[in-house]
Amino acid sequence: MPVQRLNHAVLYVREVDRSVAFYTAALGFRVIVSLPGGAFLQAEGSTNDHDLGLFAMGERGGAPTAGISTVGLYHLAWEVDTLAELARIAGVLREHGALVGASDHGSTKALYAKDPDGLEFEVSWLVPADLLGPEKQMQAAPLDIDAEIARYGADTPGGIGVSVPSLR
């Protein structure tokens, strides 16, 4: 059987407490287990035992260089249920000075941000399968969340028939 989905991510960070504060405030994660030099967090709507692990490297940890001078992971992507939630998170990320971009990829509406250690992540809403039209083609256009809300509705569940099983 092929891989079905990502279960969790584990990141090395400089300061666990600083990263925990960021991920809880910006993305609504909650701490499940805290231990010396590490923490396990769970996404708000998750029933997984943990969705994000954080382990301290201390100040010896240099800035991320993947894609600049080394190979490595570019980013992780977390999915939200509605465009209203995507808009709310965009505001929170702006408040934290973490938002670095926003793209309309056609079938995906995406925010890009960096955590306190400069690790990039994506927060996205996926157009439901029954609403997909010609935007199935991958693109990289500027994202206008208000226009997308006007088009799809603020509370339309995303990813149905794409990343989430169809309700039928």
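Taking springs between alpha-carbon atoms closer than 10 angstrom, which of 41, 73, 111 fluctuates most in the Gaussian network model of the chain?
Highest fluctuation among the options: 73.
Expressed in nm to one decimal, what extension gain is obtained for the pair residue 146 and residue 95 from 0.36 nm per residue of sequence separation less their Cα-Cα distance? Provide the component values of the computation, followed by the final result.
Numbers: separation 51, 0.36 × 51 = 18.36 nm, distance 1.85 nm.
Full-extension gain reported as 16.5 nm.
If each residue's Cβ is checked for other Cβ atoms within 10 Å, how do 155, 104 rank with the fewest at the top?
Numbers: 155 11, 104 18.
So the residues, fewest neighbours to most, are 155, 104.
What is the gain in length, in nm to one decimal, between residue 59 and residue 21 on full extension, counting 0.36 nm per residue of separation less the C-alpha to C-alpha distance? Intermediate values should be presented prior to the final figure.
Details: separation 38, 0.36 × 38 = 13.68 nm, distance 1.75 nm.
Difference between extended and current length: 11.9 nm.
Taking the Cα centre of region 72-168 as the origin and placing charges on Cβ (Lys, Arg +1; Asp, Glu -1), which of 99, 162, 84 is farthest toward the positive end of the dipole?
About the Cα centre, the residue reaching furthest to the positive side is 162.
Which whole-number percent of Cα pairs in region 72-168 have a distance greater than 19 Å? Mind dumping the intermediate values first?
Numbers: 1790 of 4656 pairs.
The proportion of pairs with Cα distances above 19 Å equals 38 percent.
Highest GNM mean-square fluctuation, the chain, Cα pairs closer than 10 Å: which of 116, 157, 36?
36
Test of understanding: ordering 95, 59, 122 by Cβ neighbours within 10 Å, fewest first, what list do you get? Write out the running numbers ahead of the final one.
On the way: 95 11, 59 8, 122 18.
Taking fewest neighbouring Cβ atoms as first place, the list is 59, 95, 122.
With springs connecting C-alpha atoms under 10 Å apart, model the chain as a Gaussian network and identify which of 35, 76, 143 has the largest mean-square fluctuation.
35
Starting from the Cα gyration tensor of region 16-100, take the square roots of the eigenvalues, sort them a ≥ b ≥ c, and report rounded, prolate or oblate (rounded when a/c is under 1.5, otherwise prolate if a/b is larger than b/c, else oblate). Numbers along the way, then the final one.
Values: a/c = 1.71, a/b = 1.17, b/c = 1.46.
Oblate shape, in that a/c is at least 1.5 and b/c is the bigger or equal ratio.
By count of other Cβ within 10 Å, fewest leading, how are 125, 78 ordered? Walk me through the numbers on the way to the answer.
On the way: 125 27, 78 17.
Ascending number of Cβ neighbours within 10 Å: 78, 125.
Compute the convex hull volume of the Cα atoms of region 1-59, divide it by the residue count, and report the result per residue in Å³ as a whole number.
On the way: hull volume 5.4 nm³, N = 59.
For region 1-59, the hull spanned by Cα atoms encloses 92 Å³ per residue.
For labels at residue 163 and residue 69 in the simple 7 Å Cα→Cβ model, what's the distance in nm?
3.3
Over the Cα atoms of the chain, each weighted equally, I'd like the Debye log10 I(q)/I(0) at q = 0.18, 0.20 Å⁻¹, rounded to two decimals.
So the normalised log intensities are -1.23, -1.41.
Please work out the FRET efficiency for the pair residue 76 and residue 130, using the Cβ-Cβ distance as r and a Förster radius of 25 Å; give the result to the nearest 0.05. Could you put the intermediate results ahead of the total?
On the way: r = 27 Å, r/R0 = 1.09.
With R0 = 25 Å, the Cβ-Cβ based efficiency is 0.35.
I want the local charge near residue 65. Using Cβ-Cβ distances under 15 Å, sum +1 for each Lys or Arg and -1 for each Asp or Glu among the other residues.
Working: positive: 14, 60, 114; negative: 117, 120.
That sum, taken over residues with Cβ under 15 Å, equals +1.
Starting from the 7 Å offset along Cα-to-Cβ, what nm value, one decimal, do you get for the label separation of residue 8 and residue 139?
Inter-label distance under the simple model: 3.9 nm.
Laboratory data are not the source of any read-out in this text; all were calculated from the coordinates shown. Treat the numbers as computed from the prediction; the structure is a model and nothing was measured. Cβ: placed from backbone, ideal geometry, glycine included. Neighbour counts: every protein chain shown.
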